[in-house]
1. How many percent of the accessible area of the chain is carbon or sulfur, using a 1.4 Å probe?
2. Excluding ligands and nucleic acids, what accessible area in Å² is computed for THR137 using a 1.4 Å probe, to the nearest 10?
3. Taking only C-alpha pairs under 8 Å that are 6+ residues apart, what is the relative contact order of the chain in percent?
4. Determine the order of CYS305, CYS146 by accessible area, beginning with the largest, at a probe radius of 1.4 Å.
5. Evaluate the charge dipole of segment 159-199 about its Cα centre and quote only its size in Debye, nearest 20, assuming +1 on the Cβ of each Lys and Arg and -1 on the Cβ of each Asp and Glu.
6. Given H placed on each backbone N at 1.01 Å, which residues far from THR198 in sequence or on other chains put an amide H within less than 5 Å of it?
7. Can you tally the net charge around THR126? Count Lys and Arg as +1, Asp and Glu as -1, for every other residue whose Cβ sits under 11 Å from the Cβ of THR126.
8. Calculate, for segment 159-199, the solvent-accessible area per residue in square angstrom, rolling a 1.4 angstrom probe over the heavy atoms of the protein chains.
Amino acid sequence: MNFDITILGSNSASFAYGRHHTSQLVNHNQCLYLIDCGEGTQNQLIRYKVKIQRIGHIFISHLHGDHYLGLVGLISTMHLQGRTDELHIFAPAGLDEVITLQLRLSDTRLNYPVTFHEVNTEVAATIYENEVLTVSTIPLNHRVKCAGFLFKEKPKKRRIVMESLHRGYTNFHLNLLKKGEDIKDENGEIVYKNADVTLPPKHSRSYAYCSDTRYDERIIPLVQHADLLYHESTFMTDMEQRAYETFHSTAAQAAQVAKTAQVGKLMLGHYSSRYKELEPLLAEAQEVFSNTILSVEGETLSIACE
Ligand SMILES: [Zn+2]
Ligand SMILES: [Zn+2]
């Protein structure tokens, strides 16, 4: 089962040095999820050869333009290219109104259904799930209502060691073993003790996306032990006061969250356009949490299966 994150945009408020507004594509088990959709996202999806009609769910963190101004264009292109599948959009209150108004004034009647799901940015809650994955909100501390998103795999089944099964069994028996139960015969005698013939389930992987936010320790328990944490890092430490005033974080603060939450890896992003070179941000973060990387547009990170 794949779990990949592709960076489509990595900058904050303005385009700079070839860097675009925030957007990321999550590909989990061949299902595509878009997180944020700043201006230019559609071009980035084309550039990196993403099949846009395969995107079924879009998660918008907040209604600052650098996180959603590309949305109406993407919705329109999906329409023009003959989409019929439903599209689900998760966002704080108000996005429904904005998009519906734009479509109404251009007399666009979409030939596919769009369903808006209003996200409560005050509480951590599961807002989407399928058989293998859940998406939950991470309340963030920003100038407008804002939520991050935690993509987490559901607990997996135990793994059967097939070579250890010597007597007859059916699919029914295999399913019991995967659930952690023993196999008994008609007299109630144990034929296979679960622990003898199965291995523990594989690790359930998770990806936490946090943009935009002030440094806020309330985030830490919500992203605890995530395999990969994306945390905005708009500024360097000498701009910490500016970060506070504008409800953003520094790279070192992002690293402090990663360190305290004991995540596997930290990815920085949402860079201020004052920085042409990003290595100094990376260096400041790595002083606090060494396993830190920069988000780089066009790159795909895979969260490995153990
Ligand atoms: Zn932003
Ligand atoms: Zn913002």
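1. 49 percent
2. 0 Å²
3. About 17 percent, as a whole number.
4. Correct descending sequence by accessible area is CYS305, CYS146.
5. 200 debye
6. The list, which skips near neighbours in sequence, is VAL161.
7. Around THR126, the charge tally is +1.
8. 73 Å²
The values are calculated or read from the model by the stated rules, or taken from the named source; none is laboratory data. This is a predicted model, so every value here is computed, not measured. Ideal geometry is used to build each Cβ from the backbone, glycine not excepted, and the neighbour counts take in all protein chains shown. Remember, those area values only see protein heavy atoms, side chains included, never the ligands or the DNA or RNA. Shrake-Rupley method; radii C 1.70, N 1.55, O 1.52, S 1.80 Å.
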